1. Collect residues whose amide H, placed 1.01 Å from N in the peptide plane, falls under 5 Å from the amide H of Ser78; neighbours closer than 5 in sequence don't count.
2. Taking 0.36 nm per residue of separation and subtracting the Cα-Cα distance, what length does fully extending Ser48 through Ala17 add?
3. Compactness ratio of the chain: Cα Rg over 2.2 N^0.38 Å, N = residue count?
4. Remind me, relative contact order of the stretch 1-133 in percent, using alpha carbon pairs under 8 angstrom and six or more residues apart?
5. Does the stretch 78-145 come out rounded, prolate or oblate by the C-alpha gyration tensor, with a ≥ b ≥ c the root eigenvalues, rounded set by a/c under 1.5 and, if not, prolate when a/b is larger than b/c and oblate if not?
6. Only loop residues by DSSP count here, and only those with at most 13 other Cβ atoms within 10 Å; note down the trypsin sites (Lys or Arg not before Pro) in the stretch 29-133 that meet that.
Amino acid sequence: MEALAGQIGSCRKCALALSRTRTVPGEGPAPCRVMLIGEGPGKKEDESGRPFVGRAGAILSDLLARIGLSREDVFITSVVKCRPPANRTPGKGEIAACMPFLDRQIAVLSPAVLVPMGRVATSAIFSRYGVSFPSFREVRGRSVLVSEMETGREMRIVPVYHPAVITHNPPARAALEEDFMRLGEILADLH
Ligand code: URA
């Protein structure tokens, strides 16, 4: 993982490299059981080089605590490892350029469950695994079985709302909490 973080740190494959302060490869246990995947680093993450340390991170820690997990129990990363300027949505080309890093992380960390957070991450992960994506609403909180790219190992994808959803849409809190409760149930069933 350290070698991979080094490669991410010197990556210049897309224009996000021009405006970033630091790359944010992600952090957590290796190997890991659960891998949470956000959209891309925000301002605080770009400054610190660590994932989900801003407002979304505080919400995420709270959601994890409700299902008996802490940040240290899960690997946390994003589909792009550099901050998009002004927190805009990462473009298709940027996601495609960064995807080999996520592929390698998944191969090395060997997670049982991938948890894309929000529509952008879910769409990127579903398309990477060749799973059709009708709409985010239809797949959130559900478990989809896929084969890991490099090893063929069985793995689940469980999309959830992005923790930051409640910062611009407070009534979405119930749906966000429901998704994490479902994730907790799915993880309990995997034991
Ligand atoms: N949102 C993300 O998707 N990733 C972060 O690291 C922070 C906020």
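1. Sorted by chain and number, the residues that satisfy this are Gly38.
2. 9.6 nm
3. 0.94
4. 34 percent
5. Verdict is oblate for the stretch 78-145.
6. Arg88
Throughout, read-outs are computed from the coordinates displayed, never taken from laboratory work. Bear in mind that the values here come from a model prediction, so they are computed numbers and not experimental data. Neighbour counts are summed over all protein chains in view; Cβ atoms, including those assigned to glycine, are modelled from backbone coordinates with ideal geometry.
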